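Read the structure below first, then the notes.
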Amino acid sequence: MKVAGIVTEYNPFHNGHKYQIDKIREKEKDALIIICTSSSFTQRGDISILNKWDKTKSALNNGANIVLELPYIYSTQSSDTFAKYALKILNKLKIEELSFGSENNNIEKLYKVADTQINNKIILFLFQLSTYFFYFFLSNYKKLLLYFPYRKEAFSYFHFIEKNKKNEDV
């Protein structure tokens with residue numbers, strides 16, 4: 001018996017999800033299909049259309065054998081974190097086949113994107129570093145303006161933002 005895993009959100013469960021489960025069954029009739037899905041919240045942190053119990057019921061009624069909840073702390077993160085921890089759970093259960101949905105049916109493009117993410121750690125590092133400095137700059141802009149050649153214009157811009165922010169709070 002083959003053990004197949006599916007990483008999903010089921011927000012809501014639709015015909016494409018049923019098709020995915022049916023395709024696994026078509027390939028391997030006696031497969032054990034294990035679903036790892038988000039909780040009652042989506043990957044973006046929104047409240048899910050279906051709660052976790054309804055997601056589970058939909059999956060089981062449509063051919064899944066086991067449904068596991070990806071803990072909230074991982075299921076509301078970025079897609080790479082969502083996938084990483086879902087796969088950790090599924091790998092503990094010794095899945096032999098992984099199935100996932102994609103808007104792009106081009107496996108070569110998916111391999112290329114995965115390869116870029118895995119092998120270009122310097123790009124990821126620079127992105128994270130630039131994000132850190134951006135937030136640091138925003139929180140300390142008055143002190144940092146002393147070091148910028150156009151500090152007068154920059155100060156006017158940030159003063160305008162700060163003034164409007166106070167008006168919005170009222």
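The values are calculated or read from the model by the stated rules, or taken from the named source; none is laboratory data. Computed from a predicted structure; not experimentally measured. Heads up, the Cβs are rebuilt from the backbone with ideal geometry, glycines too, and the neighbour counts pull from every protein chain shown. Ligands, DNA and RNA are stripped out before the accessible areas are found, and what is left, the full protein with its side chains, is counted by its heavy atoms. Shrake-Rupley method; radii C 1.70, N 1.55, O 1.52, S 1.80 Å.
Computed values, structure above
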quantity	calculated
Filter pass, Tyr19 being surrounded by fewer than 18 Cβ atoms within 10 Å (Cβ to Cβ) and hydroxyl-bearing (Ser, Thr, Tyr)	yes
Odd one out for Val67 among (1) open to solvent by 30 Å² or more (accessible area, probe 1.4 Å); (2) of a type in the set (Val, Ile, Thr); (3) outside any strand (DSSP E or B)	(3)
Cβ-Cβ under 7 Å pairs, at least 6 apart or on other chains, region 84-98 side more than 14 Å from Val67 (Cα to Cα), far side open to solvent by 40 Å² or more (accessible area, probe 1.4 Å) and in a loop (DSSP other than H, G, I, E, B)	Glu96/Lys2; Glu97/Lys2
Test for Glu96: is it open to solvent by 100 Å² or more (accessible area, probe 1.4 Å), among the charged types (D, E, K, R) and modelled with pLDDT of 90 or more	yes
Any hit, region 3-17, residues being touching an Asp or Glu at 6+ places or on another chain (Cβ under 6 Å), assigned to a strand (DSSP E or B) and modelled with pLDDT of 90 or more	yes
Qualifying residue in region 45-52 (condition: part of a helix (DSSP H, G or I) and without any contact (Cβ under 8 Å) to a residue 60 or more places away in the chain)	yes
Qualifying residue in region 2-11 (condition: more than 21 Å from the chain's Cα centre (by Cα) and among the basic types (Lys, Arg))	yes
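Rundown of residues vs (1) closer than 29 Å to Thr56 by Cα; (2) in a helix (DSSP H, G or I); (3) modelled with pLDDT of 75 or more; (4) open to solvent by less than 80 Å² (accessible area, probe 1.4 Å), yes/no style:
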residue	(1), (2), (3), (4)
Tyr85	yes, yes, yes, yes
Lys112	no, yes, yes, no
Leu124	no, yes, no, no
Lys143	no, yes, no, no
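Conditions tested, residue by residue: (1) out of contact with any strand residue (DSSP E or B) (no Cβ under 6 Å at 6 or more places or on another chain); (2) under 22 Å from His14 (Cα atoms); (3) surrounded by 17 or more Cβ atoms within 10 Å (Cβ to Cβ).
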{"site": "Lys55", "(1), (2), (3)": "no, yes, yes"}
{"site": "Tyr74", "(1), (2), (3)": "yes, no, yes"}
{"site": "Lys92", "(1), (2), (3)": "yes, no, no"}
{"site": "Phe100", "(1), (2), (3)": "no, yes, no"}
